[in-house]
Each structure stands twice: as C-alpha cells, then as structure tokens.
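Data first, discussion second: the structure below is written as structure tokens.
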Amino acid sequence: MTVAITLVIFGVIHSVSHFVNLWNFSRSYDEQWPEINLARYKGESPFLLLISVAGVTGVSMLLIVLGMGLTSTRIVRRKVYNAFWYTHQLYVPFMILLMIHPLSGVLKEEILDEKSLSQDRNVLTNISIPNVPKFAAIQSMTWLWMALPLTCFLLDMLWRIFSRNLARVKILNVSHMPGRTISLSLSCPHAEFSCSAGQYVLVQCSELSIMEWHPFTVVEIPTISQRKFVLWIKVKGDWTEGLEKMLKERGPNNLNVLIDGPFSSPMQGIIRNDIAICIAAGVGITPFVSVLRDILMNPKNRLPGRIHLIWIVRHERELTWIASLATEAILQLRNSNRPDRLHLEFYVTNSQENEPKRNVNKEQKTITHMVVLNEKGYLTHVINDDERRTLLTPNNKRNGCAIEDNMKNDFDFEIAKKYPLIGCRLRRGRPHWDRVFGYWAHLYPEHHLNLYCCGPKKLVKLLRSKCKYSSRFTKTKLTFIHEAFS
C-alpha cells in the first residue's frame, strides 16, 4: 500500500510538472539553438506537443496508475472486485510504456568531438574561432535498469503459470453450511503437497475466470493417511456467487479447479505460542479451525500451551460449523487431564433466530430431556440422559452458563440440546471488551501475549485500539496480529 500510494502521488506530481513544461516549451522557444526545442516553432499549441510519443505514453501511464488507485479503494473493491482485479493486470502495458517513454528524445545533450575540443583549446590560447555547439538526444538507459528485475519477474511468472496448470484438483465433496457458506473438500494436487495450520491457498475456477485467483484459508490440512484438504468459502461477491451457481447447475465433477500454494500466514504462529488469544467473527473462524483440529489430534503437546478462542456469529446455527470439532477437542483434553488448554466463548449477536414456527401437539409430545435451573430459577441448560453422563462438571456449578436476564427468553435450545458443551459457553449479544481485556490483564500479569484476529474491519480497528490501551496502562503487553483477505 505504501508503494502504491507513493506511485500515485509522485506520478500525478510528475505529470503536472510535464504539463506545465509543455507550455514553457512553446512559450520559451529558443530561436538561436532550434535543435534543443521540443516545439517546432514559437507559440505551438501545447496540445500538439502532448500527442508526441512522450506525451501519449506519459498520459497513458498516468491513466493506468489513476485507474489502479481508484479501483483499489475499499468501496470500489468491495462492490466491483472484477474492475479492481482486471485494472491491476495493466501492469504489463505500463512496463512497456515505461521503456518507450524516454525514447522520444526530449532531453538533449551537447556532443563533444575532437573538433569541439580543439576549439576549446584555441579559446585558451586566445585564438578566436567560432564555436558552434552540436546537440543530440540523450540515449535512454531505462531498459538497462529494468532488464534484471523484469527478467526475474518473467521467469517467476512463467514458472508459476507452469506449476499452476499442473496443480489441478478434484472436488471430492461439497456441503452447504448455515450462513450461506460452502465447504469444499479437494484432493491434493500432487503427492508432495503439504500444508501447515493457518496457511492459505489461491483458488482459480476456469469456468468463472482464467485470471482471477482468490485466497482461502485451509480449514482441514492434509495428512499422510488422508490426502485431502478442506476450504470454507463464504458466498459474498460476484466470484463466490458464480461458484455457488456453477456447483448447483453443473455439479462439482464438471468444474476445473486449480490451486496455487500453500502460502504463509501470520496465523501460523498460534501453534508456537505458550498462550494465544484468538478472536474471530463469522467466517473469520477459518484460520483457527485447523488449530482446534491440531489440539484434538495432539492433546498432550506442550505448544500451544493455552488457547483463548472467542467467536462472534450473527446466527446461532453458524455455531454448528465447529460444534462437533470443539466438543471432541474439549472431551479429548479432559481425558488427557489438560482441560485448561482450551477456553471457548461464543457470542450470538442476533437476538432471535428467524426460523419457521413448528406446530407441535403438546399432548402427544414426549419429554425426553431434562431441564436444569440455576439458583435464581432461570433456565441454564437442556440435556438428555446420554449427554448428562458426558458432563464432568456438576450441575450445581453451572451458574456460569446462565444467560443474561434480558436475553433469557430468546435462548434457542437446539444448539444446547445437541451440543451441551457448546451451549454452556454461549452468550447473547456482543462481548464487553473492557471486561474481557481486564480479565486477561488480571489473569496474565507481566506477560507478553499475542492476540490473533480475523474479522471485519471495524472489529480489527476496535481490538487494535484495545491492545494499545491495555499495553500502555496495564502490566500485560499485547501484540495485535490480524489476517484479512479484502
């Protein structure tokens, strides 16, 4: 972003300066030495000077840079992503124009030959011989400066095109999850393909576009016994909507999918931390799913020592994305005598689930579950007999699972009924961040913690400010790390 903004600013300044010079070339025509002039005569229209080789190439490069800058703004990029993507492919003609631009010979230099040098010596010996200077266009060396980096770039691009065409994968399974999210199970492109928790890959579907590559975090990484990986794709935007439509109309077996990667991500540091704080919103949970799976497969590993995971969703049904995985991880850690290694909190911001009402005959309904009340008489949980046996925490210590008084009537029993260990960690509304950060500061005094975040820009901005405030006014230092594909 720094390089791009710098290019736009100085490109505009450079172009405006040349526009002023076009007027000066016409107004300040040198009649004594006509060969140094860009204009052909005094008072020539600056517009005629603009349509020269230097003018056309310069204006073209300026329009390309301005087009890239305007389509890079958040508003345009979010609404018309294709315009942003295809505009940035104009870097190829920009490089060609950049090499042609200085070949027009606007800049002149004086030629010093043997005759000119002898005339200079005669001047020193007081011999008066008229000196007539000669001027010629300066030879451009731009191509020389660009040759090495462009060669490296072209070789890298050819290698990537070759390797991408070989990295063709098959769609093994497609499932549609709540919240209009697609889960794709893909085969590994080759036998050596490996991936680490937190990494991401670039995906291309030739039926949608042969130029667009979109990044997605690997939710389930391939193993030696299971040679597949899973991606979760939130349907939001023209490309993902087109993918959803193609999967429904053509089926997964009739789509050509290419993979590039995997690529490193800041989220890879989670599994190397002694204490890691993870906050996600919506589909931002994807970088942390592979961490949960790593904890499930290796419950006795020393690292990560402890994970605090907060997940904020709009609808309660979205919790089913990781409900089964989180439940298995909690039970596995309990069986391994490491229950304090994972702390989960779930927040549902939508007060009521907009689900169709079910007409149930109350007289024919058989009660097969058990209602648990806290000391104040409020509902805290709903469990059946089989689920009750799996709970290690006595019922009289489940007061922490009680929901707030003003939201108790909106509690949906479905997630708690099927996944009791998830239901008791469910809260309504949004987190009270001052209390949350205060709890961490009290729990880990004089610690340096990493806070990993993946979510919308507003959440990222808020948590960054909270980390700065906590690091300044408490003994707990927080480093903010976030990942976003925009």
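Every number in this text was worked out from the coordinates using simple rules, so none of it is lab data. Predicted, not measured: the structure shown is a model, and the values here were computed from it. As a convention, Cβ positions derive from the backbone with ideal geometry for all residues, glycine included, and neighbour counts pool all protein chains shown.
Here are the numbers:
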{"item": "Coarse-grained scattering of region 213-254 at q = 0.29 Å⁻¹, given as base-10 log I(q)/I(0) from a Debye sum over alpha-carbon atoms", "result": "-1.02"}
{"item": "Orientation-averaged projected area, Cα convex hull of region 120-267 (nm²)", "result": "16.5"}
{"item": "For region 1-64, alpha-carbon Rg relative to the globular expectation (2.2 N^0.38 Å, N residues)", "result": "1.31"}
{"item": "Flagged links, alpha-carbon separation over 29 Å, of K236/K458; K234/K458; K228/K300; K248/K457", "result": "K248/K457"}
{"item": "Phi to ³J(HN,Hα) by Karplus 6.51 cos²θ - 1.76 cosθ + 1.60 over region 210-226, Hz, x for Gly, Pro", "result": "8, 10, 8, 10, 10, x, 9, 6, 6, 7, 10, 7, x, 10, 5, 7, 10"}
{"item": "Approximate spin-label separation Y86-A4, in nm, with each point projected 7 Å along Cα-to-Cβ", "result": "1.8"}
{"item": "Karplus-derived 3J(HN,Hα), 6.51/-1.76/1.60, for each residue of region 45-59, Hz, glycine and proline x", "result": "4, x, 5, 5, 5, 5, 8, 6, 4, 5, x, 5, 5, x, 5"}
{"item": "Span from the region 268-326 Cα centroid across to the region 43-97 one, whole angstrom", "result": "44"}
{"item": "Burial ranking of peptide ranges 414-421, 219-226 (average Cβ count within 10 Å, highest at the top)", "result": "414-421, 219-226"}
{"item": "Normalised contact order of region 139-268, rounded percent, pairs of Cα under 8 Å and 6 or more residues apart", "result": "30"}
{"item": "Mean separation of Cα contacts under 8 Å (6+ apart) over length of region 1-115, as relative contact order %", "result": "25"}
{"item": "Residues with amide H under 5 Å from that of Y200, placed H, sequence gap 5 or more", "result": "V218, F263"}
{"item": "Inter-probe distance in nm under a simple model that places probes 7 Å from Cα toward Cβ, at W159 and D30", "result": "4.9"}
